[in-house]
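J.: I'd like to ask some things about the structure below.
The values are calculated or read from the model by the stated rules, or taken from the named source; none is laboratory data. This structure is a prediction, so every number in the text was calculated from the model and none was measured. As a convention, Cβ positions derive from the backbone with ideal geometry for all residues, glycine included, and neighbour counts pool all protein chains shown. Just the protein is used for accessible areas: all its heavy atoms, side chains included, with ligands, DNA and RNA removed. Shrake-Rupley method; radii C 1.70, N 1.55, O 1.52, S 1.80 Å.
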Amino acid sequence: MNKKSIEDLGFLSVLQKIQGCALSTEGVQRLANLGFLSDRDALQQRQRKVAAFYRLLGHPNGGVPSSFVDITEAMRILENPLLVLDGQGLVALAHYIRSAEIFLEYCNQNLDNSGPLQDIHGLLGLAIEDELLHLKSSIHSVLDESGEVKDSHPAIRSLRREVEHAKAVRSKFCNDYMKTKSSAMQSDQSAFRDGRVVIPVRNDRRSEVEGFISSASSSGNTVFMEPYKLVEMNNSVVMAENQILVEVAKLLAGLDKEARECKACLLSLQQMVGDADALFGAARYSFKTQASQVDLDSPLFTMIDARHPLLGRKAVPITVKLDSKVQAVVISGPNAGGKTVTIKTVGLMAMLNQFCGFIPAKDGSALPLFDDIFTDIGDEQSIEEELSTFSGHMKQIGYILRNMTKDSLVIMDELGSGTDPVEGAALARATLEYCLKEAKLTLVTSHHGVLKQFAYAKESVINASMEFDDFSHLPTFKVISGIPGDSHALDTAKTMRLPPEVLDKAKHYLGSEAVEIGEIIKGLEKRRREAEASEQKLKDRHHALQQQVREVQLKELKLKQDALILKQEQSSELYRFMREKSSELERLVAELRSGEINREKTKRVKGFVSSLQEKQITTERQIEEQSEEIQGQSRSKDEKPIQFKPNMDVLCGSARREGRIIRKASKGKWIVAIGAIKFTLSESELSLPRKKEETKVHVQYHSSTPSPKLVIDVRGMTLEEALSAMEAQVESSLVHGLSTFSVIHGYGDGILSRGIGEYLKKNKHVTDYRFALPEDGGMGKTYVFF
């Protein structure tokens, strides 16, 4: 990509944000040199690695691994044989190696043999060799976190004891000596001068002390002296401390030597960390901005709700969809309506796509690949080069036309402006026609009607406009495809409170034809809004039908469940009854076999048979009542019960065989003739045949609504964006029969939480909603039920 386009589109500012997501200095440097890919296979390979890191960041056990310390200075010292690493530099190397181990473990999560992070994992594993692990262990065994040699080190521990012993002997000597010469002492406490212990002696009695005078007080009343014996003791302490310094120097030199032997391994590790961390930084930035993976296989240009990453929450989502035939787009509309931001967003999304394969847009976005992106945006005026605004634009456009290829993206803002409108429009059209032949895709913004007409006449060029609110007389910053935009200069002037006389004269000078074209465009915009409103009504109606279908299905399911429970209860009751009667029958048979049959035995047998008959009658009555109850539940409120009568044609049983009622047998039962055979059937087994002229209507529902998600995350969105995402999720859940889902809105200032709560409270389809369990997110997450 050429440097000017990178600057015009603001990619350097985005790159700084991506570099801020890296864990190491090497990752930051590698991102600066990562470059853009125009080869599809190479970009897909990079995209898969970024996507793998993206999934790890979203994993419950993923998180962010620890950062790497900067070892640039330490490696510079290792390159110079005259310099020696100090303790802090060595500890930095150990921490760097440990961070590499942690990053390796992070990449190893959920890793299979064919995962996209396999090569990163393998290369890092090779880079962290046994030599580096041994170096890390050696550094930690000798040095503490501050880079000082540990007092517990065996070589230092014994020397420390010697120093402490020498200091104790010296302290005891000073105390005893000062008590002996107390009359000559200025104080009963010894003092330190230049790292040596001295005794404060009165200046007028210094002759009583045999030794060297080290210094004197500012008043001259006190001299600090070292008795001859104390001189030897001070020297012993200094020599013991120097021995420690010598031993520390030896230990540091040994570690420095070991580090130099591992220099090649460290350099290799730095390179591997830089390569892996650069991709991790891109994935982390994508995760923070809720970016989605671009479809690199689609031939279409589809950018869904793309958000300019430098505008933050102020960004208005932009949707641009082009089919494969479109080679140019002419964007028109009011000043300050968002035309320049739109083309900058498209160019920046193309760069981000070829940088890491992710863009801050919704899933389903697809972008083609370009070998270069050329831009002419902003004021090219230059006093030094004696260029006016128009000549500056012409210079840049000339460079673009000379260097673009069949695979280039060309973006030109306000094409043909800054000069005579007629000549500017002619140059603009000629430039656009040339770009159609020599570039892959061209985006231009313009107010020239010539370009709008050209876009209408040319099949490979389409018009697009920035929406303008006729009520507020302000732009909405939304892109409308297929309709040219009016500049709305008069509306803007009216909003800025220009005198009515000026506006009236402007309309008069403009001419009726121009005003008529503007009115036509306004009419088209009005029809578009009406079409969108009609489409929304159809969607609402569709949702209502889906809800009705769902309610009917639930009723049907409940009836089936009730029938199953009833069968189970009847089966259990029948089993108990049969078991009791079997035992009773066995007793009766045994009594009949033993002895003679008498009147008492005969009475018990008749009672047994009578109980069976009563049970049969009771069971039939219960079945009939339950059937009538179920039939009543399934019958619509407006549906009247069937009035059966003799000579009526009916359908009988589950086989729905045709028959004719002869007469009424008893309450709820009729004698029906099916052919030559007569049957006694209950009313629940009878139904009326359909009229022959009645036609059977099949109703089918079809929806293009995407499948709902079990969990949606609206953190980082504005309240409007979050509510829009909630509406889409609720709609998709109702269409696909999802009974519950959860939404992550975070804590923050509570704006998202309150706004989503109000939306769910007013939504008639939502039966219940509540905050999540503490272990599942608490008040930062809400469960929704239908």
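J.: Note down all Cβ pairs under 7 Å where the first residue falls in segment 538-566 and is closer than 14 Å to Val735 by Cα, the second is of a type in the set (S, T, N, Q), and they're at least six residues apart or on different chains.
T.: Pairs found: His542/Ser703.
J.: Ala282 versus (1) of a type in the set (A, V, I, L, M); (2) modelled with pLDDT of 90 or more; (3) not in a helix (DSSP H, G or I): which is the lone unmet condition?
T.: (3)
J.: Taking the condition basic (Lys, Arg) and either closer than 21 Å to Pro317 by Cα or modelled with pLDDT under 85 (or both), does Lys691 pass?
T.: Working: basic (Lys, Arg): yes; either closer than 21 Å to Pro317 by Cα or modelled with pLDDT under 85 (or both): yes.
Yes, satisfied.
J.: Okay, moving on. Restricting attention to segment 332-351, and to residues there that are at pLDDT below 90 and in contact with a helix residue (DSSP H, G or I) (Cβ under 7 Å, 6 or more places away or on another chain), which single residue is nearest to Asp39 (Cα to Cα)?
T.: Ser332
J.: Identify all residues within segment 438-457 that are open to solvent by 10 Å² or more (accessible area, probe 1.4 Å), within 13 Å of Ala426 (Cβ to Cβ) and in contact with a strand residue (DSSP E or B) (Cβ under 8 Å, 6 or more places away or on another chain); write none if there are none.
T.: Phe454
J.: Inside segment 36-59, can you point out the residues that are part of a loop (DSSP other than H, G, I, E, B) and touching a helix residue (DSSP H, G or I) at 6+ places or on another chain (Cβ under 8 Å)?
T.: Our first condition is that a residue be part of a loop (DSSP other than H, G, I, E, B); within segment 36-59, this holds for 36-39, 59.
Residues satisfying the conditions are Phe36, Leu37, Ser38.
J.: Tell me which residues, restricted to segment 292-329, are among the polar types (S, T, N, Q) and not in a loop (DSSP other than H, G, I, E, B). Steps first, answer last, please.
T.: As a first pass, look at segment 292-329 and keep what is among the polar types (S, T, N, Q): 292-293, 298, 302, 319, 324, 327.
Scanning segment 292-329 gives Ser292, Gln293, Thr302, Thr319.
J.: Ok, one more. Got a sec? Which of Ser236, Ser268, Ser292, Ser298 is closer than 27 Å to Arg157 by Cβ and among the hydroxyl-bearing types (Ser, Thr, Tyr)?
T.: Checking each option against the conditions leaves just Ser236.
J.: Does at least one position in segment 12-25 carry a residue that is outside any loop (DSSP other than H, G, I, E, B), open to solvent by 30 Å² or more (accessible area, probe 1.4 Å) and touching an Asp or Glu at 6+ places or on another chain (Cβ under 6 Å)?
T.: The answer is yes; a qualifying residue exists.
J.: With the condition kept exactly as written, say whether any residue in segment 352-374 is assigned to a helix (DSSP H, G or I), open to solvent by 10 Å² or more (accessible area, probe 1.4 Å), in contact with a strand residue (DSSP E or B) (Cβ under 7 Å, 6 or more places away or on another chain) and at pLDDT 85 or above.
T.: No: segment 352-374 contains no residue that is assigned to a helix (DSSP H, G or I), open to solvent by 10 Å² or more (accessible area, probe 1.4 Å), in contact with a strand residue (DSSP E or B) (Cβ under 7 Å, 6 or more places away or on another chain) and at pLDDT 85 or above.
The rows are residues; the columns are (1) more than 19 Å from Gly364 (Cβ to Cβ); (2) at pLDDT below 85; (3) of a type outside the set (Val, Ile, Thr).
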residue: Val735; (1), (2), (3): no, yes, no
residue: Val743; (1), (2), (3): yes, no, no
residue: Gly750; (1), (2), (3): yes, yes, yes
residue: Asn763; (1), (2), (3): yes, no, yes
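J.: Name every residue in segment 202-224 that is among the charged types (D, E, K, R), open to solvent by less than 90 Å² (accessible area, probe 1.4 Å) and free of Cβ contacts under 8 Å to residues at least 24 places away in the same chain, in order of residue number.
T.: The answer is Arg202, Arg205.
J.: Could you list all residues from segment 771-786 that are within 21 Å of the chain's Cα centre (by Cα) and surrounded by fewer than 13 Cβ atoms within 10 Å (Cβ to Cβ)?
T.: Glu775, Asp776, Gly778
J.: Among the residues of segment 87-107, are any assigned to a loop (DSSP other than H, G, I, E, B) and open to solvent by 10 Å² or more (accessible area, probe 1.4 Å)?
T.: Here is the first cut: in segment 87-107, the ones assigned to a loop (DSSP other than H, G, I, E, B) are none.
The answer is no; no qualifying residue exists.
J.: For segment 735-770, what are the residues that are more than 21 Å from the chain's Cα centre (by Cα) and free of Cβ contacts under 8 Å to residues at least 24 places away in the same chain?
T.: Once the filter is applied, which keeps residues that are more than 21 Å from the chain's Cα centre (by Cα) and free of Cβ contacts under 8 Å to residues at least 24 places away in the same chain, segment 735-770 yields Arg754, Glu758, Lys761, Lys762, Lys764, Thr767, Asp768, Tyr769, Arg770.
J.: If a residue must be under 21 Å from Ile102 (Cβ atoms), surrounded by 19 or more Cβ atoms within 10 Å (Cβ to Cβ) and within 25 Å of the chain's Cα centre (by Cα), how many such residues does segment 26-64 contain? Steps first, answer last, please.
T.: Residues of segment 26-64 under 21 Å from Ile102 (Cβ atoms): 26-31, 49-50, 52-64.
Cutting the leftovers down to surrounded by 19 or more Cβ atoms within 10 Å (Cβ to Cβ) gives us 26-28, 30-31, 49-50, 52-54, 56.
Restricting the remaining residues to those that are within 25 Å of the chain's Cα centre (by Cα) gives 27-28, 30-31, 49-50, 52-54, 56.
Qualifying residue count, segment 26-64: 10.
J.: Next up: Got at least one residue in segment 286-297 being open to solvent by less than 40 Å² (accessible area, probe 1.4 Å) and modelled with pLDDT under 90?
T.: No, segment 286-297 contains no residue that is open to solvent by less than 40 Å² (accessible area, probe 1.4 Å) and modelled with pLDDT under 90.
J.: When you look at Ala306, is it at pLDDT 90 or above, more than 23 Å from the chain's Cα centre (by Cα) and over 30 Å from Ile139 (Cβ atoms), yes or no?
T.: no
J.: Does segment 308-320 contain at least one residue that is closer than 16 Å to Ile462 by Cα and touching a residue at least 24 places away in the same chain (Cβ under 8 Å)?
T.: Yes, some residue in segment 308-320 is closer than 16 Å to Ile462 by Cα and touching a residue at least 24 places away in the same chain (Cβ under 8 Å).
J.: Hey, another quick one. Looking at segment 163-201 only, could you name the residues that are more than 13 Å from Ser236 (Cβ to Cβ), open to solvent by 90 Å² or more (accessible area, probe 1.4 Å) and of a type in the set (D, E, K, R)?
T.: Answer for segment 163-201, where residues must be more than 13 Å from Ser236 (Cβ to Cβ), open to solvent by 90 Å² or more (accessible area, probe 1.4 Å) and of a type in the set (D, E, K, R): Lys172, Lys179, Asp188, Asp194.
J.: All but one of (1) without any contact (Cβ under 8 Å) to a residue 60 or more places away in the chain; (2) among the β-branched types (Val, Ile, Thr); (3) outside any helix (DSSP H, G or I) hold for Val64, so report the exception by its number.
T.: That leaves (1) as the condition not met.
J.: I'd like to check which helices (runs of 4 or more DSSP H) are fully inside segment 420-502 and have at least 1 residues that are at pLDDT 80 or above.
T.: 421-438, 449-457
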